[in-house]
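What follows is calculated from the coordinates using simple rules that are stated; it is not laboratory data. Just so it is clear, the model here is predicted, and its values are computed rather than measured. Heads up, the Cβs are rebuilt from the backbone with ideal geometry, glycines too, and the neighbour counts pull from every protein chain shown.
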Amino acid sequence: MSLGVNNPKIDDQINHLFSEILIAQHEFMKTRAPDPEKAELVSKKLLEYEKIRGRGFFYPLLATGRGHGPFTELQDGSVKYDLISSIGVNLLGHSHPIFIKSCLEAATMDTLMTGNLHLYEDPIELSKELVSSVTKSNLKHFWFAGSGSFANDNAIKMIWQKSDGKTRILAAQKCFAGRSIATQDITHNLDYKKGMPTLLEVDHFPISENSNTEEQINETISNLESIYTDQHCAITLELVQGEGGFNVYPRELYVAIFKWAKEKKLFIWIDEIQSFGRTGELFAFQKLDLHEFPDVVTVGKALQSCGTLFSNELNPNPGLIAGTFQGSLSSIKAGRKILKYLTMGNFFGTGGRVEEIRTIFEQKMNLLNKSSQGFFNSTSGIGLMFAFQIKDGNKEDTANFIKKLFNNGIICFSCGKNPYKIRFLLPLCLNEEHINEIFEILEKTFKEFTGK
């Protein structure tokens, strides 16, 4: 069945527009310095917005909507490498054909947003395709949410409803679950919840950093045992801690934690909001071969939509979860295309593009570490989630280095705390020429920063 308004004339015009937009966006495929006159205008615009929203910005960044691949043009006239991808959203880079096509197709529909009452076919199909992508697991259902935080809120509600009055949650130290009223209590960083009352009963446990895996397991399980009570209902983990510093641990540790949780009859909730599509498989739990464990998994960012995958056991009673929005039609159409693109392309597994990009970054960072005499150090993460530390990882130097990188043509951000790290959420579209230039910018910035 055709969807939206559809006839040969419209189809021809969509195809023509698609080609023209893509050709025009291809003009923005190399770095460019800012225009000083335009930079002053941008400062004025951002100051106006600062007054409206009540606080300033980390970067003087205002985009034009033009850019292609890893490049984005800013209103100061500069073109920069986007290595943070709107904190993980733009996995495919800028003006990817999937994005353009999805927006044009959505323009033929009669509304912008989809909802849980007024259904369209695309949300149904995306839900089916997501569930089909996790057939080795116990995840049988999917529910849309308006954001990653709301997807996590729904996970909490599902768990609570099936826990016979138990409400306490176990969460790892350094974790980030969102900033909603519920998820702010799970998020470990106290700076994000100053002045807020504690509403959820959350117990944070440290994951041992012992390099001996057997000892690491024993120490972590001991940490869990020391805070566990019969009022705990679930344990939540990011298999790759994003905000916490791109921390990822051995599979054996996760298996031990999850087996312990199953023995305690705890629901296992895995947060994949940031890791989806970035680890070398669709989900980090698939990359680490943990299919049998999760009862609920939350997803977002790179999918262009957010939601919650859950088991039959956690299927909630009618009325517990709902919401006005499922998402925009363009985003959901893009989500379907992204899912197909990722699973059918040569991106995942041994020899896949994710592994290739990661290997090149690791090799080049090791060389840079040696040439800088240890200024660059302690890489972390997995796949396209790449972080590194400079010097001793103090907050001031890290922030200043990030801002110098911005001035030299790289947009990135920080993660972790004591030590602080520099965070790259790399787009899939990077090629060898891009990577070489990125490391030239890193080396240039190092020399400016140190005066060497």
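Pop out the ³J(HN,Hα) list for the stretch 89-101 in order, Karplus 6.51 cos²θ - 1.76 cosθ + 1.60 with θ = phi - 60°, rounded to Hz; leave Gly and Pro as x.
After applying 6.51 cos²θ - 1.76 cosθ + 1.60, I find 7, 8, 4, 8, x, 9, 6, 5, x, 4, 5, 4, 4 Hz.
Helix-derived [θ] at 222 nm for the chain: sum -39500 (n - 2.57) over DSSP H runs of at least 4, divide by residue count, nearest 500?
-12500 deg cm²/dmol
Between Tyr59 and Glu219, how high is the FRET efficiency from 1/(1 + (r/R0)^6) when r is the Cβ-Cβ distance and R₀ = 45 Å? Nearest 0.05.
0.70
Would you calculate the separation in nanometres between label points at Met344 and Glu201, each defined as 7 Å from the Cα along the Cα-to-beta-carbon direction?
5.0
Length gain on complete extension for the stretch Asp230 to Asn116, per 0.36 nm per residue less the alpha carbon to alpha carbon distance?
Taking Asp230 through Asn116 to full extension adds about 37.4 nm, to one decimal.
Please state the charge dipole magnitude for the stretch 113-344, taken about the Cα centre, from unit charges on C-beta atoms (+1 on K and R, -1 on D and E), reported in debye and rounded to the nearest 20.
720
Which residue, chosen from Asn7, Gln25, Phe71, occupies the Cα position most advanced towards the positive end of the dipole of the stretch 1-106, where the dipole is computed from +1 (Lys, Arg) and -1 (Asp, Glu) charges on Cβ about the Cα centre?
The residue sitting most towards the positive pole is Phe71.
Modelling each spin label as a point 7 Å along the Cα-to-Cβ direction, I'd like the Ile181/Ile23 distance in nm, to one decimal.
Between Ile181 and Ile23, the simple spin-label model gives 5.4 nm.
May I ask you to order 157-164, 93-100, 424-431 by the average number of other C-beta atoms within 10 Å around their residues, highest value first? Mind dumping the intermediate values first?
Values: 157-164: 18.1, 93-100: 20.2, 424-431: 22.1.
Ranked from most to least packed, the peptides come out as 424-431, 93-100, 157-164.
Tell me the label-point distance for the pair Asn407, Lys193, using the 7 Å Cα-to-Cβ offset, in nm and rounded to one decimal.
Between Asn407 and Lys193, the simple spin-label model gives 3.8 nm.
Pull out the extension gain between Ser2 and Glu37, defined as 0.36 nm times the separation in residues minus the alpha carbon to alpha carbon distance; nm, one decimal.
On the way: separation 35, 0.36 × 35 = 12.60 nm, distance 4.93 nm.
Result for the pair: 7.7 nm of gain on full extension.
For the stretch 60-169, what is the per residue volume of the convex hull drawn over the alpha-carbon atoms, in cubic angstrom?
Roughly 181 Å³ of hull volume per residue.
Return P(r) of the chain (all Cα-Cα pairs; 10 Å bins starting at 0; whole %; ordered from short to long distances).
Values per bin, smallest distances first: 4, 19, 29, 27, 16, 5, 0.
Which order do the peptides 232-243, 188-199 come out in when sorted by mean C-beta neighbours inside 10 angstrom, highest first?
In decreasing order of mean packing, 232-243, 188-199 become 232-243, 188-199.
So how far, in whole Å, is the C-alpha centre of the stretch 305-351 from the one of the stretch 207-264?
One Cα centre to the other: 27 Å.
Using unit Cβ charges (K, R positive; D, E negative) and no other charged atoms, how large, in debye to the nearest 20, is the dipole of the stretch 269-325 about its Cα centre?
280
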